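The values are calculated or read from the model by the stated rules, or taken from the named source; none is laboratory data. Since the model is a prediction, treat every value here as computed from it, not as a measurement. Here the Cβ is made from the backbone with ideal geometry for all residues, glycine too, and neighbour counts use every protein chain on show. These accessible areas exclude ligands, DNA and RNA; they are computed on the full protein's heavy atoms, side chains included. Shrake-Rupley method; radii C 1.70, N 1.55, O 1.52, S 1.80 Å.
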There are 2 protein chains.
Amino acid sequence: MEEAVAVLARTPATLDALLRGLPDDWVMAHEGGDTWSPFDVMGHLIHGERTDWVPRARIILEHGETRAFDTFDRLAQFAVSEGRTLASLLDEFATLRQESLHELATLRLTNADLDRRGRHPALGVVTLRQLLSTWMAHDLDHVVQIARVLARQYSDEVGPWRAYLRIISGTQG
Amino acid sequence: MEEAVAVLARTPATLDALLRGLPDDWVMAHEGGDTWSPFDVMGHLIHGERTDWVPRARIILEHGETRAFDTFDRLAQFAVSEGRTLASLLDEFATLRQESLHELATLRLTNADLDRRGRHPALGVVTLRQLLSTWMAHDLDHVVQIARVLARQYSDEVGPWRAYLRIISGTQG
């Protein structure tokens, strides 16, 4: 679990280094249709800190399987981030993450706690360990998404190298 | 092209934020077989700064299509990084990237320069603009790879959430 926390603690600085100060065209770029821009992803991460990860850990610890988690709103970021700047979203995410990890530390989770079970509204029974592992993998999933959205703005510009660039060709190889 | 440089300038700090200080188990983790660890990727990026990007730009400007690029050795990182620490690779990459971008700036490339053509040993005719775009996308491709390698160490630990995590399920969605 220390390893998961090591990654969770690094995500705000990683996204800050990648995104802060980039031209707006890039920050707002997406992959077409209703796919998300880096700006949208930051709102989603903020909403997750507020309503998903630590709140769900608390539900597991307090209610076990008797109370299902609240459903996570995957579109809430559009309300979170309306009228905001990317810089203010990066700042807020960093603050919220720090608070989340502080709160997690105060829970002083034991191995037995990590095995405690809760109930996901769609996936059924899950453990606290699975929730915290997912929190970490979810961060990295969105790091991947943001990097991919940025790179794909250059899908045509790379010319024949496209064949070598998995990020553009779409193979994960 | 300013936008590509904006990303290129950010990559060292992004990787530094993501990786520095992570436990060795993670830095050396890979996806099985002869896939690369984050440590291997850093060696690859260093080798690219030394032999690939700016050196190829110079070949285009000096020789055009008359001289093919030297073949890039995709396994050179194992020599580059032998016996090194991750911290020293991060430091070296940051220094080399700064030098590369300084050198790029001194070339004072015009739009006409960006349309100049060179010859890739396998892909054939490419332009300087395509080379520089590829440099940027290549960075992001390896950011994706590193994030994916880290997340996949938790493929089992996330339990039923695996279905929602594209980084683990392998769909790029």
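Name the single residue that is farthest from the other protein chains (Cβ to nearest Cβ) among those in the range A:5-20 being in contact (Cβ under 8 Å) with a residue 24 or more places away in the chain and in contact with a Lys or Arg (Cβ under 9 Å, 6 or more places away or on another chain).
Quick first cut of the range A:5-20, residues in contact (Cβ under 8 Å) with a residue 24 or more places away in the chain only: A:5, A:7-9, A:11-16, A:18-20.
With in contact with a Lys or Arg (Cβ under 9 Å, 6 or more places away or on another chain) added as a condition, the list becomes A:8-9, A:11-12, A:18-20.
Working: A:8: 11, A:9: 10, A:11: 8, A:12: 8, A:18: 5, A:19: 8, A:20: 8 Å.
Checked the range A:5-20; the qualifying residue farthest from the other protein chains (Cβ to nearest Cβ) is A:8.
Would you point out which residue out of B:57, B:29, B:4 is open to solvent by less than 20 Å² (accessible area, probe 1.4 Å), touching a helix residue (DSSP H, G or I) at 6+ places or on another chain (Cβ under 9 Å) and part of a loop (DSSP other than H, G, I, E, B)? Outline the logic, then answer.
Numbers: B:57 fails: part of a loop (DSSP other than H, G, I, E, B); B:4 fails: part of a loop (DSSP other than H, G, I, E, B).
Testing whether each residue is open to solvent by less than 20 Å² (accessible area, probe 1.4 Å), touching a helix residue (DSSP H, G or I) at 6+ places or on another chain (Cβ under 9 Å) and part of a loop (DSSP other than H, G, I, E, B) leaves just B:29.
Quick check on my filter: what residues within the range B:60-90 are among the β-branched types (Val, Ile, Thr) and part of a helix (DSSP H, G or I)?
Filtering the range B:60-90 for residues among the β-branched types (Val, Ile, Thr) gives B:60, B:66, B:71, B:80, B:85.
Correct list: B:60, B:66, B:80.
How many residues does the range A:82-121 hold that are touching a residue at least 40 places away in the same chain (Cβ under 8 Å), among the hydrophobic types (A, V, I, L, M, F, W, C) and over 20 Å from residue A:6 (Cα atoms)?
Number satisfying all stated conditions: 3.
I'd like the full set of residues that are in contact (Cβ under 8 Å) with a residue 24 or more places away in the chain, open to solvent by 10 Å² or more (accessible area, probe 1.4 Å) and not in a helix (DSSP H, G or I), limited to the range A:32-46.
Listed by number, the residues that qualify are A:35, A:36.
Go through (1) surrounded by fewer than 18 Cβ atoms within 10 Å (Cβ to Cβ); (2) over 22 Å from residue B:2 (Cβ atoms); (3) without any contact (Cβ under 8 Å) to a residue 60 or more places away in the chain and name the single condition residue B:77 misses.
Evaluating residue B:77 over (1) surrounded by fewer than 18 Cβ atoms within 10 Å (Cβ to Cβ); (2) over 22 Å from residue B:2 (Cβ atoms); (3) without any contact (Cβ under 8 Å) to a residue 60 or more places away in the chain leaves (1) as the failure.
Residue check, residue B:122 against (1) more than 8 Å from chain A (Cβ to nearest Cβ); (2) at pLDDT 95 or above, all met but one. Which one?
(2)
Does residue B:61 satisfy the condition of being more than 30 Å from residue B:165 (Cα to Cα) and of a type outside the set (S, T, N, Q)?
On the way: more than 30 Å from residue B:165 (Cα to Cα): yes; of a type outside the set (S, T, N, Q): yes.
Yes: the conditions hold for residue B:61.
List the residue pairs whose Cβ atoms are under 6 Å apart, where the first residue sits in the range A:134-161 and is within 7 Å of chain B (Cβ to nearest Cβ), the second is among the basic types (Lys, Arg), and the two are 6 or more positions apart or on different chains.
Final answer for the pair search is A:141/B:166.
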